[in-house]
Amino acid sequence: MNFEQAEATLRELAKLSVPEQRERRAEIIEVFDLFWRSNPKKAQFGEVCSGLVLAPEMLWIMVKTG
């Protein structure tokens, strides 16, 4: 998966309900990791991640690879 595919996938995952996101947490974290490594701009990050349930692993990714 490349950066563009990760962004598109994350946008789709962000549209899921909270229970659906919880069920797919591992997938979301994996895709988020790739998206974060693409070094998104602030506005892009906000658009793509709006609606995502924030997981502790996502915070760790942002701190460790930021």
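The values are calculated or read from the model by the stated rules, or taken from the named source; none is laboratory data. Everything quoted here is computed from the prediction, not taken from an experiment. Cβ placement follows ideal geometry from the backbone for every residue including glycine, while neighbour counts extend to all protein chains displayed. Heavy atoms of the whole protein, side chains included, go into the accessibility calculation; ligands, DNA and RNA do not. Shrake-Rupley method; radii C 1.70, N 1.55, O 1.52, S 1.80 Å.
What the table shows:
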{"quantity": "Per-residue HN-Hα couplings for segment 57-65 [Karplus 6.51, -1.76, 1.60; θ = phi - 60°; Hz; x = Gly/Pro]", "calculated": "4, 5, 4, 4, 4, 5, 6, 6, 10"}
{"quantity": "The chain: relative contact order as a whole-number percent, Cα under 8 Å and 6+ apart", "calculated": "44"}
{"quantity": "Counted charge near T9, where neighbours are those whose Cβ lies closer than 10 Å (Asp, Glu -1; Lys, Arg +1)", "calculated": "-4"}
{"quantity": "Probe 1.4 Å, protein heavy atoms only - accessible area per residue of the chain in square angstrom", "calculated": "68"}
{"quantity": "Lys, Arg +1 and Asp, Glu -1 on Cβ, resulting dipole of the chain about Cα centre, debye, nearest 20", "calculated": "220"}
